[in-house]
Amino acid sequence: MNRWLKILLIACISVSFSVNNLSAQESWVEIVEQLVSNADGNTSALESLMEDLAEWKEHPISINGITKEELERFPFLSDQLIENILYYLHKYGPMLSEKELMMVEGMDKQTARCLKLFITFQEAEKEEDKFSWKNVFKYGKQELSTRVDIPLYVKEGYQPFTKEYIQENPNKRYLGCSYYNNVRYSFRYSDHVYWGLTAEKDAGETFFVGENKKGYDYYSPYLLIKDMGRLRTLALGNYRLSYGAGLVMNTDFSMGKTATLSTLGNKARGIKKHSSTDEYNYFQGIAASYRIANRWTADAFYSYRNMDGIVDNQFITSIKEDGYHRIPRDYEKKNTFTNQLIGSHLYYNGKNAEVGLTAVYNVFNKVLNPTYRDYNKYYARGRDFFNTGVNYRFYWKKFSLSGETAVDKNGKIATLNTLSYSPKSGFQLWVMNRFYDVAYQSIYARSIGEGTSVQNESGFYIGMETSLLKHIKLTAYGDYFYFPWQKYQMSKNGTQGFDGVLQISYSPRYELDMFIRYRYKTKYKDYTDEDENKLTLPYNQHKWKYQLNYSPINELLLKTTIDAVYYSFQQSEPSQGVLIGQSIGYTFKKLPLQLDASAAWFHTDDYASRISLYEKGLLYSFSIPSFYGEGERLAFHARYELNKNFIFQAKYGWTHYRNREVIGSGLEQIDGNIKSDLYLQLRWKF
């Protein structure tokens, strides 16, 4: 513990000396970083969120004609703040500049900085934004982009083995080259019409040879039409769905438990296009949303798609979600079964109440029967599944009650309910209770919880956000959870745990903000002692994070972060870790060039005290490397506008480990202690 305290003290001193030279302008990637750092590791659909944010920034919407549904798309806006924005526009009329954002009740500087990136203060609708097919083809905007990732090292799976060795060990070498590539084409007209195609080849996959003679391993075509009279949404091709709290249906990004309590739960609901490279969280077919009355909307959807997994004697023993097809074994699992889904959602949007009813039926062409383990006794099993759920939100004065209650075909229940109270501007209180029956089964459910599935969990959560002083905000939550049955790496029934966060944010000026966050978690996990006895014991995890942003001028960006972890497990030595990071970015006034650089030093005892670090990536992509051991990380990013139509981006990442000579394992193993990658992207807008 003494070593860790000394390291943290030195880090704090180094920050205090560098404050006067810091400069940062909040950018849209900062929003993603905040969401990622609090998303409890749930990043399976993060690329879709990244793409949405990038698209909204490229095509900002007028605040003066914005709707409640459009405001709900932004994950950093609370329900109360959305109501306050709409009330301000109703009472005082159109906003003329970004300074008026701070006149909205409950608006703080950080939220205003985030929101202004995605809105304009122009007239609500221009002539070119009024929908007509003539305007679609006259004013529609197109974009074609491609990205290439080049590893500057050789992994074990790309070694030049002999033909005899490969014939004897076909799954010991990747079939394709080590480069990653994707191509995206998109067309957009205002917020009414979208269509496009996304194609991707993962590193190690073949390209125009072998199993991929048609080129890319993955294609995602889509068409989305919005707000054509009573037709609110029509999706053809690949699309995503999210309703209520996600207890029946959610293939979108889910925040989970977070230190940003205003993002608690799923905010943006309904039908969305799927244009990302996520190869699992989407549907394929048709979906439509129709306004049947002033406050009533009905959705209907149908999907049919091939899926990957292991099939043994007509039983689906596992579902493959990563989308990789790099070795013969992967191709044995490709498109081995199909899934059909049909469903509907009826929604009422009243003045003080919102109610929705979701019903989903999906069927596999083979029987889903995961290989039995004690912990997966209650996993979804069978050929067909049916779920219904009622989601609701009621408003009364300063109170808001929201949630969803769902039931599966066997009568098992899942319910989540949140009561919020906001007696005055700057203060909000949340109380949430969830109960997911141990045997509740829903294939496409994803919601708030400590576990990764909506099953085998109950919990009680209380959170608070309040402004202590003029420039200080306190955020805190505590979550007690209970697992009635075993879970993966938890071979004991009836375990419980606690997860709590305390964060203090300080923003004395518009260009300066900082926060310090402490997170504590205790949870059970399997452990094997020296005598090979398997025990299930609790562990304690402490995490600290300090972040400072300062921006005296708009062109210069600089951020300092300090992360520390202390992990203790009964009958073993504690594991400790610390990471110190510094980033700087500069946007030239007379050149269409933006440069960013970041450096990090990390020192952790082992994998248990690993620390993840969000890095700025190329457009539509994200990077969250995780570090353990001893070493340094450097990253450089450049964005250059060749002209108004062509934009070039590049990133170089370099990691050096001081305590190892091998990085990774298996086919991903790198012989050496240095890992470096080059990422390139070219965009053509026309």
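Every number here is computed from the coordinates shown, using simple stated rules; none is lab data. Everything numeric in this text was worked out from a predicted model, so none of it was measured. Neighbour counts run over all protein chains shown; Cβ positions are idealised from the backbone, glycine included.
What the table below lists for this structure:
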quantity: Set of aspartates and glutamates with alpha-carbon distance to residue 397 below 19 Å, sequence-local pairs under 8 removed; calculated: 79, 83, 105, 354, 465
quantity: Over the chain, relative contact order from alpha-carbon pairs under 8 Å, at least 6 apart, %; calculated: 12
quantity: Table column - 3J(HN,Hα) (Hz), segment 473-484, Karplus curve with 6.51, -1.76, 1.60, x for Gly and Pro; calculated: 10, 10, 10, 8, 8, x, 10, 9, 10, 9, 10, x
quantity: Partners for residue 377 among lysines (Cα-Cα distance below 17 Å; same-chain residues under 8 apart left out); calculated: 412, 487, 492
quantity: J(HN,Hα) series, segment 83-94, from Karplus relation 6.51 cos²θ - 1.76 cosθ + 1.60, nearest Hz, glycine and proline x; calculated: 4, 5, 5, 5, 5, 4, 5, 5, 7, 10, x, x
quantity: Subset of 201/523; 68/521; 226/409; 616/685; 398/525 violating a 30 Å alpha-carbon distance limit; calculated: 201/523; 68/521; 226/409; 398/525
quantity: Residue-by-residue Karplus 3J(HN,Hα) for segment 322-334, coefficients 6.51, -1.76, 1.60, Hz, glycine and proline x; calculated: 7, x, 7, 9, 10, 10, x, 4, 5, 5, 5, 9, 7
quantity: Candidate values (i) 82, 32, 28; (ii) 35, 33, 30; (iii) 78, 29, 25, label of the one derived for semi-axes √(5λ) of the Cα gyration tensor in Å; calculated: (ii)
quantity: Sparsely packed GluC sites (Glu not before Pro) within segment 610-664, loop by DSSP, other Cβ within 10 Å at most 12; calculated: 661
quantity: Alpha-carbon centroids, segment 446-519 and segment 595-666: separation in whole Å; calculated: 27
quantity: Peptides 235-245, 416-426, 275-285 ordered by average Cβ neighbours within 10 Å, highest first; calculated: 235-245, 275-285, 416-426
